[in-house]
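Novice: Below is a structure I'd like to ask you about.
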Amino acid sequence: MLKVPLTSEEYLSTCGKNKFSVFDIERDMFMIYVEEFKQLYRDVGLEVEFGAKCYRLDTPNEHVLLEDLRPRGFQSVIRKAGIDEEHTISVLTKLAQWHAASAVRVDRKGAYPSHISDGMFNDDGKQLISKLTDNMVPYILDTLTTIEGHEAYYEDIKGLAGHITDKILQVGVIDPEEFNVLNHSDCWLSNIMFRYDRESGKLLDSYLVDYQICKYGSVAIDLISFLLSSTKLEIKVNKFDYFIKQYYDQLIKHLKLLSYNKKLPSLIDIHKSLLKNGIWGYMAVCDVMAASLLEETESASFDNLFSDSPEADAFRTLLYNGKTYKEHLRIVLPWLHNRGALQNETI
């Protein structure tokens, strides 16, 4: 599979090549840092795979060339349906292995270079975050008026308008006193593939794809994005704390396996970070959760997500008004509200 950049003016102005190309970043992740993670596990006798093999073409053009995983029994799942508990725990185990290795790697080799560790949390990414959050508030508010019980949190979301980007960027500020990892930062169903036994259909493994916006920092970034965007509605909130415990147990297991030399985080530490960085839940709601639950439409495109055309406005209206999306909003937004994630407190 060959990945190349879009060529539209909207893409180039929002995500085009600035100081570093996201394609160069992803190729470095595959060919340098993921290989380092895998070697850490090999050194203690465990084979762990995180994704497809990556190849380099002798060309100056931006690209990422990846192995096709389908012949090996991998497939994606229907994103709109969400995944069940078994699939969720499989992904959380993979994230725990990834996070553990990424933390041990810093302990032994030092910090990641900034183009790897910053993700979208820089001047180049600020415009993208703003378009995904503050600019989408009017669409969210219009949708909320059609949802029963929205009065409880409507004013809080309205009060967030104009402040969300700064609050999101605050999530990216590294707290050296916290347990920090290199987050995948785009962990949702479109970037996950599952391997099944061809005869029994049993789930065997899960792989992560698309390493373009990794971010060093709190584990809350990956955990909130994945659990709010990709799980079935009936377990999304009801089993959130249970899933965090499953992740935590795997994280500690693999940190110990890799002989992590620093203080191990406690389960309370993880929950504190999830609460502290709760605004990331709103980011997940208006970004990856909306995309994951979008009805099939030919109007879905990068340009229609960000441009100012009438067609783009119609697409964004559709994006935030789907029946399934509203069903999830009705559950997730009150949950975020009750956790304090929608408060516009002074930072």
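The values are calculated or read from the model by the stated rules, or taken from the named source; none is laboratory data. Worth saying up front: this structure is predicted, and the values here are computed from it rather than measured. Reconstructed Cβ throughout: ideal geometry from the backbone, glycine too, with neighbour counts over all protein chains shown.
Novice: Please state which one of D308, D313, D287 is modelled with pLDDT under 95, over 15 Å from A103 (Cα atoms), charged (D, E, K, R) and crowded, with 19+ Cβ neighbours inside 10 Å.
Specialist: Details: D308 fails: crowded, with 19+ Cβ neighbours inside 10 Å; D313 fails: crowded, with 19+ Cβ neighbours inside 10 Å.
From the options D308, D313, D287, the qualifying one is D287.
Novice: If you go through region 322-347 one residue at a time, how many are among the hydroxyl-bearing types (S, T, Y) and free of Cβ contacts under 8 Å to residues at least 12 places away in the same chain? Give the derivation first.
Specialist: Step one: filter region 322-347 for residues among the hydroxyl-bearing types (S, T, Y), giving 324-325, 346.
Narrowing the set further to residues that are free of Cβ contacts under 8 Å to residues at least 12 places away in the same chain leaves 346.
Selection size over region 322-347: 1.
Novice: How about region 153-226: which strands (runs of 3 or more DSSP E) wholly inside it have at least 1 residues that are more than 20 Å from A101 (Cα to Cα)?
Specialist: Those strands (runs of 3 or more DSSP E) span 192-196, 203-208.
Novice: Given the conditions (1) closer than 29 Å to S190 by Cβ; (2) assigned to a helix (DSSP H, G or I), which single one is not true for N238?
Specialist: The one condition N238 does not meet is (2).
Novice: I've got another one for you. So, S90, is that one of a type in the set (G, A, S), modelled with pLDDT of 90 or more, over 16 Å from M29 (Cα atoms) and surrounded by 15 or more Cβ atoms within 10 Å (Cβ to Cβ) or not? First the steps, then the outcome.
Specialist: Details: of a type in the set (G, A, S): yes; modelled with pLDDT of 90 or more: yes; over 16 Å from M29 (Cα atoms): yes; surrounded by 15 or more Cβ atoms within 10 Å (Cβ to Cβ): yes.
In short, yes.
Novice: What pairs come out if I take residues in region 41-65 that are of a type in the set (A, V, I, L, M) and pair them with residues that are surrounded by fewer than 14 Cβ atoms within 10 Å (Cβ to Cβ) and part of a strand (DSSP E or B) whose C-beta lies under 8 Å away, six or more apart or interchain?
Specialist: Hits for this filter: V64/L2; L65/L2.
Novice: Anything in region 40-66 that is of a type outside the set (G, A, S) and within 17 Å of L204 (Cβ to Cβ)? List them, or say none. Full working, then the answer.
Specialist: Within region 40-66, the first condition is being of a type outside the set (G, A, S), and the residues that meet it are 40-44, 46-50, 53-66.
Scanning region 40-66 gives L46, E47, V48, E49, F50.
Novice: Sticking with this structure for a sec: Out of I192, I213, I168, report the one residue that is out of contact with any Asp or Glu (no Cβ under 6 Å at 6 or more places or on another chain) and farther than 22 Å from S90 by Cβ. Reasoning before the result, please.
Specialist: Working: I192 fails: farther than 22 Å from S90 by Cβ; I213 fails: out of contact with any Asp or Glu (no Cβ under 6 Å at 6 or more places or on another chain).
Only one candidate qualifies: I168.
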